[in-house]
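Down below is the structure, laid out as structure tokens.
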Amino acid sequence: MTTDRSQSNPHISVIIPAYNEAAAITSTVENIANQLATLSPHWDIVVIDDGSRDQTADIVRVLPAYLRTTLVRFSRNFGKEYAISAGLEYASGDIVICMDADGQHSSALINDMLDKWREGYDMVYAVRQDRKVESHFKLWGSRVFYGIMTLGERISIPRDAGDFRLMNRNVVDALRKLPERNRFMKGMYAWVGYKSIGIPYTPLPRSHGVSTFSRLKLMQLAWTGITSFSVIPLRLASAVGGLLALLAFVYGIWVILEKMFFHESIPGWPTVVASLMFFSGVQLLFIGILGEYIARIYDEVKGRPTYIVAEVAIPQPEEPSQA
Ligand code: UDP
Ligand code: MG
């Protein structure tokens with residue numbers, strides 16, 4: 001886009017991935033709609049129902065027309081990464097903003113994001129400020145994760161930045177060109193590049209229910225991130241293998257020298273058994289890591305669609321009966 005951003009009234013699309021958010025979705029959409037209406041005459045909202053088992057889709061389908069909300073319903077639960085991918089596909093705006101359905105992302109921040117966009121940034125991501133109050137598991141987990149991800153990689157993934165972000169059309173189009181099935185959005189945002197900046201925010205408390213991201217799910221997501229954006233685990237395998245081979249070689253020489261000069265007898269079983277178990281353990285570990293990468297390749301080679309959309313419902317026409 002080469003238009004003068006400081007002058008233009010961009011079309012803003014907000015995409016909202018939603019999974020079992022019936023209790024919160026109406027107020028979230030209303031908040032965002034109110035905010036958008038103050039910012040531009042051109043805006044719309046896309047809610048992606050990620051196979052919710054509650055009334056989320058039914059609620060969104062009949063939202064009043066002035067909320068300008070399109071429903072995209074998945075055939076089952078595919079996961080947030082996929083819901084966001086679908087949102088990017090269905091959003092038509094010059095600007096696309098991704099926000100959570102549970103009201104944790106303050107719509108007031110859209111203002112600040114838009115200011116940065118007008119300054120010329122193509123991507124503006126919100127950076128969490130409240131990490132202190134999180135559990136040790138999440139804190140250390142994310143530290144280890146970012147450590148592995150940034151080790152010798154060309155792309156750098158901003159810490160504590162999530163999916164809450166503004167993207168200019170060029171960023172959205174670039175993301176839509178990435179065909180991978182194992183989608184790790186944080187890595188993909190960083191991979192496409194473009195002029196980006198972070199702005200600080202503190203997430204609001206969840207308006208209803210609890211987070212759907214359990215420890216196991218977070219660990220799975222981290223593993224997808226590592227295996228689809230980093231070859232560090234494979235390099236680690238080579239490094240450990242090389243080191244062990246070297247140690248074994250040195251030990252072998254020692255054994256020979258021992259035999260020649262000191263006529264020592266072969267030491268007993270424990271050493272043999274221990275080293276055997278150690279080496280087979282290491283081998284199994286790295287065969288497992290290889291397997292993870294092969295599984296990723298397998299997923300990509302199957303060429304399945306990334307997600308399945310069961311229904312698209314555009315905003316209802318305005319009904320006079322509704323006050
Ligand atoms: N979400 C989704 N699919 C899922 C899980 C979550 O679309 O399988 C949505 C959810 O409705 C919410 C957002 O992703 O809008 C963030 O989820 P949540 O609030 O559970 O996680 P957290 O706030 O801990 O990141
Ligand atoms: Mg949340």
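Just so it is clear, none of the values below were taken in a lab; they were calculated from the coordinates. Because the structure is predicted, anything quoted here is derived from the model rather than measured. A quick note on method: Cβ atoms are made from the backbone with ideal geometry, for glycine too, and the neighbour counts reach across all protein chains shown.
Among the DSSP helices (H) of the chain, those spanning at least 27 angstrom by Cα along their long axis with an average Kyte-Doolittle hydropathy of 1.0 or more are 232-257; this is a geometric and hydropathy rule only.
If only the Cβ of Lys and Arg carry +1 and only the Cβ of Asp and Glu carry -1, the dipole of region 232-302 around its Cα centre is close to 80 debye.
Quote the charge dipole size of the chain about the Cα centre in Debye, to the nearest 20; the model charges only the Cβ of Lys and Arg (+1) and of Asp and Glu (-1).
Using Cβ point charges on Lys, Arg, Asp and Glu, the chain gives about 760 debye.
Using a Gaussian network model of the chain whose springs link C-alpha atoms within less than 10 Å, name the residue from I32, I148, I45 with the highest mean-square fluctuation. In the Gaussian network model the winner is I148.
Ordering L257, F137, V127 by the projection of their Cα atoms onto the charge dipole of the chain, which places +1 on the Cβ of Lys and Arg and -1 on the Cβ of Asp and Glu, puts L257 at the extreme positive end.
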